[in-house]
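For reference, the structure discussed in these notes is given below.
The values are calculated or read from the model by the stated rules, or taken from the named source; none is laboratory data. Keep in mind that what you see is a predicted model, and the values were worked out from it rather than measured. Cβ placement follows ideal geometry from the backbone for every residue including glycine, while neighbour counts extend to all protein chains displayed. Each accessible area value is taken on the protein alone, full model and side chains, heavy atoms only, with ligands, DNA and RNA left out. Shrake-Rupley method; radii C 1.70, N 1.55, O 1.52, S 1.80 Å.
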Number of protein chains: 2
Amino acid sequence: MTLTIDLQQESLTQDQITELREMRRRCARRILLSTSLAASGHPGGSLSSLDILLVAYGMIRHDPSNPRWEGRDRFIESIGHISPGVYAVLAEYGYFTEEDFLQGFRRTGSGFPGHVETIVPGVEWDTGNLGQGISTAVGMAQAFKMQDKNNRVFCLMGDGENQKGQISEALRYAHKYRLDNLSVIIDRNHLQICGSTEEVMPQPIGRVYEALGWQVLRIDGHDYNDIFTALKAALQNDSGAPLLILAATVMGKGISFMENKAKYHGSPLSPELLADALAELGYENDFAAWQKLRKEPVRTRTIMPPRTDYPSVQPGDPILYDTETLIDNRSAYGNALLSLAEANNREGETPLIAGISCDLEGSVKMGGFHKHSPSAFFEAGIQEHHAAGMGGALSCENLVTFFSTFGVFAVSEVYNQNRLSDFNHTNLKVVATHVGLDVGEDGPTHQCIDYLGLMKNLFRFSVFMPADPNQTDRIIRYIATAAGNHFVGMGRSKTPIITTEDGQPFYGTNYTFTPGRADWLRRGSDATIITYGAVTPACMEAWQILSDEGVSVGVLNMASLIPLDEDAIIEAADQGPILTVEDHHVETGLGASVAMALLDWGKSTPLKRLGVSRYGASGKPAELYADQGMDAASIAEAVKELIG
Amino acid sequence: MTLTIDLQQESLTQDQITELREMRRRCARRILLSTSLAASGHPGGSLSSLDILLVAYGMIRHDPSNPRWEGRDRFIESIGHISPGVYAVLAEYGYFTEEDFLQGFRRTGSGFPGHVETIVPGVEWDTGNLGQGISTAVGMAQAFKMQDKNNRVFCLMGDGENQKGQISEALRYAHKYRLDNLSVIIDRNHLQICGSTEEVMPQPIGRVYEALGWQVLRIDGHDYNDIFTALKAALQNDSGAPLLILAATVMGKGISFMENKAKYHGSPLSPELLADALAELGYENDFAAWQKLRKEPVRTRTIMPPRTDYPSVQPGDPILYDTETLIDNRSAYGNALLSLAEANNREGETPLIAGISCDLEGSVKMGGFHKHSPSAFFEAGIQEHHAAGMGGALSCENLVTFFSTFGVFAVSEVYNQNRLSDFNHTNLKVVATHVGLDVGEDGPTHQCIDYLGLMKNLFRFSVFMPADPNQTDRIIRYIATAAGNHFVGMGRSKTPIITTEDGQPFYGTNYTFTPGRADWLRRGSDATIITYGAVTPACMEAWQILSDEGVSVGVLNMASLIPLDEDAIIEAADQGPILTVEDHHVETGLGASVAMALLDWGKSTPLKRLGVSRYGASGKPAELYADQGMDAASIAEAVKELIG
């Protein structure tokens, strides 16, 4: 590394300051060159944050030769658009060469994307959407606190960004959990895209943090000693309160004609102005030479692979619910989670399983887990956006993280937070209860009928919907042990144990859940009902009705919706017509997936789709199902129509 | 009405207080009976908010015989779960009978759902998801301010609810726009589902509001004179600052064994405890009689129809872009919006068209509108959740409201706010720019590839994706004049004018946009490419490549994705194989809709779907399309494979 600063120093030495000035000059050049070369990007904020970044990487623990060294402090750039500044500084500290950065910046297939991503050595988190980095940082700080680790966490934010509401959720959380290993640094340049922050959306940022229990240090964000003193306080903070460093800065700092100009937030310099700026910095203008280099194929040497360092945990002993049992899947989830805690969060050892809920611990059945593993249970309050974001981060710090709340809050409301977790290859287990019309009387605002329609858009989430408590138990154990992002949804009501034709639990002792494998609950030759989740019992009833009438229908439980069991669908298609039944929007769920699978395989099987075809009412689930044609009688009727 | 309070009074009279006590007793009975009868619901908060509601409806302007009287003040219950309290009070003030309420509460098909909905006379807004009512209230207050109307707006919130981040966005907005016609009342009972607010997620609520520039009055929420004095201040507030009334209350107030018990947040009394409570209130126990009545069919007499009182606006004169024009659809949107402003926001008259943006006015091309109609343009800052919620409300107050930002912010991030607008039959026009891989270098966090996959889940939103500036112009004029919720999406890049085979603008002077009607840009007999939006030009190029090779392929522009033109799809299917091409997740967009339509109509046409099959990179759109097999050459190749 070019520069290291000792925490024991009272202040920076003159040599260090001189060196920082030289570093700044080199980095400013890279910022301006990279954005002008890409003809896009964000030079203004990169220059205002630059001094903070330069001092920070000289003080925090990190290792450019081992970017994912466990002992490192974490520095999250929530303002992901200042990538030119971040890459410039990481190049300065030896994470990669300047050439790789300038040749590749914002080019398809390079390792230097427009917003910071973890494919870049030294970058901790893919960011871009504002206001979310702090939840990531809080998640990491929470993990370290709980694990008794001394890693420190920093989050660099913009001042405009501080208008995002999610930040207030994260601030409250960090205060509640006394995360003094966490510091936020705000690049307070008073400018956002449309003008001054005072004009666009005024607020006294420091006072808001203070009101929410944070310590606040106000510094000059271009004074190296000011930055040093504040970061030293941050690295030594043991006050119980998280720290805000409010750094007064200048947008476009260091280039005379860029300073305090909002337009440079997101506009690079033209080649002509770049020439002036480089001259001001004392550099030759080598723009043309770089342009030529960028005509050649991308030559990035190091693209960091996705994280895979997730803890392996024990699945514990499956719980078998006998056919007399009548509980809801939520309770089976709660029991499985407790069992996972017993197997993996052992007395005197650091827990490996974490749980997060949002003022719904009882409803989502996390009470047993909470009681068993109080240090690994995090009550985030009615702050779902923060909780979901924090969950992703927590899951990357040696914790298999279960995030549970109602479906509308776990999916419909925080879809974008899950999306960002997905970009980051997290290890998050979103277990949503209260999905579908099965929510009942709480009515349409609380009926999540889009869980699959939404989660389908995320490339790395699997989606599983158990049919009964036994299957719930196995699926929960599966997702705990399988790395990556998983979504599991379940209704609210008690639901019978699915049985074989001879009355044994279908998901019995020999059952293991396998993603992408559907289960033939019943075989039949005239048609197939494909279903999942809360309406499975109604489909089984319909099977009985039809069976009594001499109609032979198969029932296929598609609990694994992503990945989908296309083989089973084709098998069904080869037998006869297909009816899909789901407690979900009828246009965006299983029915849509089956239609695509059929046509992908060239099948013209008659297909009818039953599901939710208008917003639900407030009433008992059975009434709501009947109301939307998904009760057993309607299902049987639909099968008969299909058979013709 | 039972009670009216004169704003000129210094304080309440003894008679009024006596009357309020009697009203409270009757309402408390209804709250307890209704929830015990439904065996679900939220009695605790209903009792803590009760006194506030009773005094408020005695003071605000409203007319039970004309619930949607234009001159009324607006009272938004953001805590939608206190429906028993709201319905009890509305019954007291004569909006409907107690019998209708108690007989129907939480029954399918009744007019009395579990969370407050506008089907109930006197209810202003469907709520349920917490933290959103304030954005609704802000939107209404903003409309009245701009329209120079003296209606006042109130928003009743819970204290736990105040953990939601969106609230801080709304607070900042109300402060910036000096909405002193808006007051928030917080039912500060210090309890939420999982315990005390101090334990679950502590915060000094009053200090937070004060830091954000609000006035705060602290009162006893069960003292009628305290409530009166505070509401009087609210109704007469002209300070320029919005007002918070922080009302100290007791959960379960008035029933000895329910007071300060968190469990009664969401649990009704058992029949036994109900008997005790009714006795405490001095009532006979008529639970059994009501139970019997509830065995009969629902007999709600009045279910309010959806709002339809939207202003009719002029479409203005279409702008024709000639074939030499090369602009982006965003600019055509901006031009159309300005033209709509010129036609409808006339000098000296109240504007009928409003615009909201989130620090992206220039990028979303709202600059012309802003300049023309400064009083009708609202800059919401980087606060998309609030902006989307407020937009829905604004659109219900005589303003055709355009909400514009990038796709990821307008859809992926605020899906749930749009969902709530949809419940409320709003008149919102969400026009999202920067959708798809067409966003380019800003990379995956900024590439909205799920706009259709998400919006499809909302039953009342249409979805239109124009193919060129001419079609953009007509679609924007269409959505301005057509009541209801519309989504329009467009990419970032400049895009050529679509032409007929003889080189004229395809969407020329004679074109009128019709929802549910697709356009055959080219006819062909061997196969059909169905596409829309930013990749239409690539499909036209592919048509040329194929045409040159003697392959006759049709190109169908499906700009209206919801509603879908199924006739055109069937027409294509009857001709030959179909290829769908879209700048969207390949599993959740047009391809899925076409697959369902084909099978719904019993067609086994070969179908191939091209689209985004993994998260996009950071690079130029053309590179990204090639990278994901959506450039002209790949499209032509896919057609040839399909034909075989």
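Assorted remarks:
- Each of B:CYS358, B:LEU179, B:ALA38 was placed along the dipole of chain B (beta-carbon charges, centred on the mean Cα), and the one lying farthest toward the positive end is B:ALA38.
- Per residue, the average separation of C-alpha pairs within less than 8 Å and at least 6 apart gives chain A a relative contact order of 11 percent.
- Residue-averaged beta-carbon neighbours from other chains (10 angstrom radius) around B:122-129: 3
- Top positive-direction residue, dipole computed over the protein assembly as shown with Cβ charges, set A:ASN457, A:ASN557, A:GLY139: A:GLY139
- Beta bridges assigned by DSSP with both partners in chain A are antiparallel in approximately 15 percent of cases.
- Averaged over A:377-384, number of beta-carbon atoms from partner chains that fall within 10 Å: 6
- The range A:301-360, relative contact order in percent, only Cα pairs under 8 angstrom and at least six apart counted: 34
- Of the beta bridges in the protein assembly as shown, as assigned by DSSP with both residues counted there, near 15 percent are antiparallel.
- Whole-Å distance, taken between Cα centres, linking the range A:266-328 and the range B:567-597: 34
- Backbone amide hydrogens, once placed in the peptide plane, bring A:GLY355 within less than 5 Å of A:PHE377, A:PHE378, A:PHE402, excluding anything fewer than 5 places away on its chain.
- Computed label-point distance, nm, for sites A:TYR283 and B:SER604 using a 7 Å Cα→Cβ extension: 6.5
- Using the Karplus relation 6.51 cos²θ - 1.76 cosθ + 1.60 with θ = phi - 60°, the per-residue 3J(HN,Hα) values for the range A:266-274 come to x, 10, x, 6, 5, x, 5, 5, 4 Hz, with x marking Gly and Pro.
- For A:GLN192, distant residues with modelled amide H under 5 Å away: A:THR197
- Converting phi to 3J(HN,Hα) with the Karplus coefficients 6.51, -1.76 and 1.60 and the offset θ = phi - 60°, the range B:38-43 yields 6, 6, 6, x, 10, x Hz in sequence order, with x at every glycine or proline.
- Sorted from nearest, the other copies put their A:GLN236 label points 5.7 nm away, the label point being 7 Å from Cα in the direction of Cβ.
- Checked against a 32 Å cut-off, the cross-linked pairs A:LYS620/B:LYS429; A:LYS456/B:LYS429; A:LYS429/B:LYS640; A:LYS176/B:LYS261; B:LYS253/B:LYS429 give Cα-Cα distances beyond that limit for A:LYS620/B:LYS429; A:LYS429/B:LYS640; B:LYS253/B:LYS429.
- Global form of the protein assembly as shown, assessed from the alpha-carbon gyration tensor, a/c cut-off 1.5: rounded
- Value of relative contact order over the range A:478-570, rounded to a whole percent, pairs C-alpha under 8 Å and six or more apart: 31
- Cα gyration tensor shape of the range B:153-194, rounded if a/c is under 1.5, else prolate or oblate by comparing a/b with b/c: oblate
- Viscosity 1.567 mPa s, temperature 4 °C, Stokes-Einstein D of chain B from Kirkwood C-alpha radius, µm²/s: 49
- Placing unit charges on the Cβ atoms of the charged side chains and taking the dipole of the range B:260-312 about its Cα centre, the candidate lying farthest along the positive direction among B:PHE287, B:THR308, B:SER267 is B:THR308.
- Inter-copy label distances for A:ASN225: 6.1 nm (label point placed 7 Å from Cα along Cα→Cβ; shortest first).
- Shape of the range A:347-470, Cα gyration tensor, a/c cut at 1.5: oblate
- Using every pair of distinct Cα positions in the range B:109-206, the Kirkwood expression returns a hydrodynamic radius of 14.7 angstrom.
- Computed from phi, the 3J(HN,Hα) profile of the range B:586-592 under the Karplus parametrisation 6.51, -1.76, 1.60 (θ = phi - 60°) reads 6, 9, 10, x, 4, x, 5 Hz, with x in place of Gly and Pro.
- Nearest-10 value in Å² for the accessible area of B:TRP69, using the 1.4 Å probe: 90
- Ligands, DNA and RNA excluded, the heavy atoms of B:SER49 present near 0 Å² of accessible surface to a 1.4 Å solvent probe.
- Annotation for B:PRO202, label-to-label distances across the other copies: 3.2 nm (shortest first, one decimal, point 7 Å from Cα along Cα→Cβ).
- DSSP-defined antiparallel bridges as percent of all bridges, the range A:98-209, nearest 5: 25
- Helix-only CD estimate at 222 nm, as mean residue ellipticity for chain B, using -39500 (n - 2.57) per DSSP H run (n ≥ 4): -11000 deg cm²/dmol
- Close amide H pairs (under 5 Å, H built 1.01 Å from N) link A:CYS448 with A:VAL408, A:GLY436, residues at least 5 positions away or on another chain.
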